[in-house]
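Just below is one structure, and these are the notes that go with it.
We did not get these values from a lab; they are worked out from the coordinates using the rules stated. The structure presented is a predicted model; accordingly, all values stated were derived computationally and were not measured. Cβ placement follows ideal geometry from the backbone for every residue including glycine, while neighbour counts extend to all protein chains displayed.
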Amino acid sequence: MKKFNLLFVAIFFVINGISQNVTLEDAWLTYKFYPSSLDDIASMKDGESYTLLLPNNNIEKYSYKSGKKTSVLFSLSQLKDTDTKPTKIENYTFSDNENKILISSDKQ
């Protein structure tokens, strides 16, 4: 009897989950079913950490093991306000020894 009740509950939830209506707006305007991804991830040579370019224009270092942020490597807010200060980081690359960062911004 317990197996029958459990089977009934499982079938009920499956049927309710399938009956969801999908609209074009959900698929193309709100990206409701769009998978999340990490486009701007860069693995470090130490094999233990990676960096991310975040929407706030920070380049942050994270640990693979814990997934937690270990440091902020660069932030646009560190730069002085001038006429030539970039407004957004488009991309970045590290030098061979990973001591320096080359930042591209305001590409044309």
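Backbone geometry of the stretch 64-72 corresponds, through the Karplus equation with coefficients 6.51, -1.76 and 1.60 at θ = phi - 60°, to 3J(HN,Hα) couplings of 5, 5, 9, x, 9, 5, 9, 6, 9 Hz, x marking Gly and Pro. Pairs of Lys residues in the stretch 41-105 are counted when their Cα atoms are under 28 angstrom apart and they lie 8 or more places apart or on different chains; the count is 22. Counting charges near Lys45 (Lys, Arg +1; Asp, Glu -1) among other residues having Cβ under 14 Å from its Cβ returns a value of -2.
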